[in-house]
Amino acid sequence: MLTLDDFDFDLPGELIAQHPTGERTASRLLQVKGSALADQRFSALPGLLAAGDLLVFNDTRVIRARLLGRKESGGQIEVLIERIVDSRHAVAQIRASKSPKAGSRIVLEEAICLTVEGRSGEHGEFFALQLADDSPERGADEGDLWTLIERHGRLPLPPYITHPAGVDDEARYQTVFARHPGAVAAPTAGLHFDAALLAQIAQCGVEVAWLTLHVGAGTFQPVRVHHVAEHRMHAERFAIPQATIAAIARTRARGGKIVAVGTTSLRALEAAAQRGELRAGPAETDIFITPGYEFRVVDRLITNFHLPRSTLLMLVSAFAGVDAIRCAYRHAIAERYRFFSYGDAMLLTRGSA
């Protein structure tokens with residue numbers, strides 16, 4: 001039985017990237033196929049793909065989900081929106097010296113007044129919030145949570161990035177193709193692409209397709225159980241257009257490979273194929289991919305390096321093989337690759353492919 005210890009490794013703190021590279025495509029790329037490793041530059045990606053392949057991107061957009069404020073008692077709080085349910089309701093994490101009680105009110109950024117409806121989540125780690133009728137900016141045109149959070153919120157950089165979000169982060173912690181707002185963390189594999197690289201990929205005869213998975217705050221939640229099989233994932237919303245289903249079918253027919261850009265794209269595709277046939281449309285998934293999982297859709301994966309003991313490290317171990325990932329991570333540390341959201345990337349081939 002797999003345990004957290006099977007997915008642990010020592011990472012020197014200085015390898016955690018605090019800032020992006022000067023250009024999006026300037027990061028490094030470790031190509032992994034079984035025990036074979038090759039050090040590349042991300043700009044070399046078009047040459048590592050074949051005409052007829054299909055890249056599938058997540059076009060979610062990060063919202064300004066981090067807000068500071070106070071409780072009715074005056075105590076300071078920090079709120080990280082998990083998801084906006086509708087124009088008046090949201091689910092969020094709250095950091096405070098004492099957690100707010102159900103029925104109490106909080107004021108965020110001196111502009112948004114919310115009522116705490118109670119706890120939610122399997123472990124009660126989230127709070128259900130409702131926009132109060134007397135919120136300072138409630139009005140006919142600007143009184144919905146989407147508008148208020150985008151106006152007053154802050155970019156939610158991951159907890160391992162130690163500086164406050166600045167102007168550079170506003171641009172670089174967002175993909176160049178971000179369209180649909182709703183994520184509270186970036187689909188970081190997509191951060192390496194710019195318009196010129198996308199054009200070059202198209203010129204090589206590689207097709208592209210899109211889906212949307214809104215990454216939730218639960219992506220940074222630690223695994224709290226020792227035995228991996230006992231962990232339960234937070235549900236995330238996704239939508240796959242019919243055009244993407246058709247592109248996958250065309251790629252299969254011509255013998256090309258399905259290349260997921262990021263673990264979020266992979267999770268959405270695999271979740272949509274859980275009942276056999278790949279299905280279009282909106283859905284939610286709490287799919288938990290660990291070694292032994294049988295992949296149905298994705299052949300290759302572009303992804304960054306992930307946190308020790310994390311569900312994403314388990315996912316890539318399932319995809320490329322536990323031993324292959326251990327070897328790749330040892331190599332990456334020895335060669336001083338940069339880790340996590342602003343770090344370098346890997347190009348993985350599925351273990352059985």
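Model label sites at LEU2 and GLU284, defined 7 Å from Cα along the beta-carbon direction, differ in position by 2.5 nm.
Listed by chain and number, the lysines whose C-alpha is less than 20 Å from the C-alpha of LYS257, apart from same-chain residues fewer than 8 away, are LYS33. One Cα centroid belongs to the stretch 88-111, the other to the stretch 281-353; the line between them spans 35 Å. The alpha carbons of the stretch 186-305 stretch over 47, 31, 25 Å along the principal axes, in descending order. Residues THR251, THR21, THR212, THR264, arranged from fewest to most other Cβ atoms within 10 angstrom of their Cβ, appear as THR21, THR251, THR212, THR264. Could you identify which residue out of GLU270, GLU117, GLU230 has the top mean-square fluctuation in a GNM of the chain using Cα springs shorter than 10 Å? Highest fluctuation of the listed residues: GLU230.
Roughly speaking, what is the centre-to-centre gap between the stretch 1-56 and the stretch 199-264 when only Cα atoms are used, to the nearest Å? Each part reduced to its Cα centre gives a spacing of 16 Å. Ordered by the count of other Cβ atoms within 10 Å of each Cβ, fewest first, THR3, THR349 give THR3, THR349.
Among 295-301, 240-246, 105-111, 196-202, sorting by the average number of other beta carbon atoms lying within 10 angstrom of each residue, highest first, gives 295-301, 105-111, 240-246, 196-202. Maximal additional length on extending the ARG179-ARG252 stretch stands at 23.6 nm, based on 0.36 nm per residue less the C-alpha distance. The equivalent ellipsoid of the stretch 66-152 has semi-axes of 19, 14, 11 Å, largest first, where each one is the square root of 5 times an eigenvalue of the Cα gyration tensor. The tail of the calculated P(r) for the chain beyond 30 Å holds 38 percent of all Cα-Cα pairs.
Taking the number of Cβ atoms within 10 Å of each Cβ as an exposure proxy, the fewest-first ranking of SER265, SER317 is SER317, SER265. Using 0.36 nm per residue and subtracting the Cα-Cα separation, the extra length available between ALA195 and LYS98 on full extension is 30.3 nm. Temperature 10 °C, viscosity 1.306 mPa s: under these conditions the Stokes-Einstein estimate for the stretch 248-349, based on its Kirkwood radius over C-alpha pairs, is 110 µm² per second.
Bear in mind that the values in this text are calculations on the coordinates, not laboratory data. Everything numeric in this text was worked out from a predicted model, so none of it was measured. Note that each Cβ is placed from the backbone with ideal geometry, even for glycine, and that neighbours are counted across all protein chains shown.
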